[in-house]
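The values are calculated or read from the model by the stated rules, or taken from the named source; none is laboratory data. The model shown is predicted, which means the values in this text are computed figures rather than measured ones. Note that we place each Cβ from the backbone using ideal geometry, even for glycine, and neighbour counts take in every protein chain shown.
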Amino acid sequence: MRAGGGEGVRRQPVMEKAVVARIMAALKKIPGVVVRKRHGTAMGVAGDPDIYGSFRGRHFEIEVKRRDGVLTELQKVRIRDWARSGALVGVVRSAAEALSLLELDRGGPAR
């Protein structure tokens, strides 16, 4: 019941693809950032993070999760692999967290 019934509207959880879209839009506004969405295809590597790119010569990999999302074991392995290679990596749940991870809220990552 809504119209005058007094019951509130149940909020649907934000879909992960909506969070990805917000992050992509925020990163594309930063001059010098190259960012791509990784699409799951037969040619891709299972478990790799959702977003990848580069800024000031530094490669980054970002796994996007909803507020209640958790990493799979395979995702944990892939994130470790990327981190060991020197990439900036992390799990984020919002555009603000992505900007913070990449230190773009403070001018960009150190080399």
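For a quick check of your reading of the model, give me the residue pairs whose first member lies in the range 76-101 and is under 18 Å from V33 (Cα atoms), whose second is modelled with pLDDT of 95 or more and among the acidic types (D, E), with beta-carbon atoms closer than 6 Å and at least 6 apart or on different chains.
A87/E61; V89/E61
Looking only at strands (runs of 3 or more DSSP E) that lie completely in the range 49-108, which have at least 2 residues being among the β-branched types (V, I, T), surrounded by 15 or more Cβ atoms within 10 Å (Cβ to Cβ) and out of contact with any Ser or Thr (no Cβ under 7 Å at 6 or more places or on another chain)?
Working: elements: 51-55, 58-64, 88-92.
Where strands (runs of 3 or more DSSP E) fall fully within the range 49-108 and carry at least 2 residues being among the β-branched types (V, I, T), surrounded by 15 or more Cβ atoms within 10 Å (Cβ to Cβ) and out of contact with any Ser or Thr (no Cβ under 7 Å at 6 or more places or on another chain), they are 58-64, 88-92.
If I ask for residues that are touching a Pro at 6+ places or on another chain (Cβ under 9 Å), over 19 Å from A18 (Cα atoms), among the charged types (D, E, K, R) and modelled with pLDDT under 95, which ones from the range 60-111 would you list?
Listed by number, the list holds a single entry, E103.
Just to be sure I understand, how many residues within the range 14-44 are closer than 18 Å to L88 by Cα and assigned to a loop (DSSP other than H, G, I, E, B)? Steps first, answer last, please.
First, the residues of the range 14-44 that are closer than 18 Å to L88 by Cα: 20, 23-24, 26-28, 30, 32-38.
Next, only the ones that are assigned to a loop (DSSP other than H, G, I, E, B) stay: 30, 32-33, 38.
Residues in the range 14-44 being closer than 18 Å to L88 by Cα and assigned to a loop (DSSP other than H, G, I, E, B): 4 in total.
Does at least one position in the range 69-77 carry a residue that is touching a helix residue (DSSP H, G or I) at 6+ places or on another chain (Cβ under 8 Å) and not hydrophobic (A, V, I, L, M, F, W, C)? So that I can check it myself, show each step before the final result.
Within the range 69-77, the first condition is being touching a helix residue (DSSP H, G or I) at 6+ places or on another chain (Cβ under 8 Å), and the residues that meet it are 69, 71.
Of the ones still in play, those that are also not hydrophobic (A, V, I, L, M, F, W, C) are 69.
The answer is yes; a qualifying residue exists.
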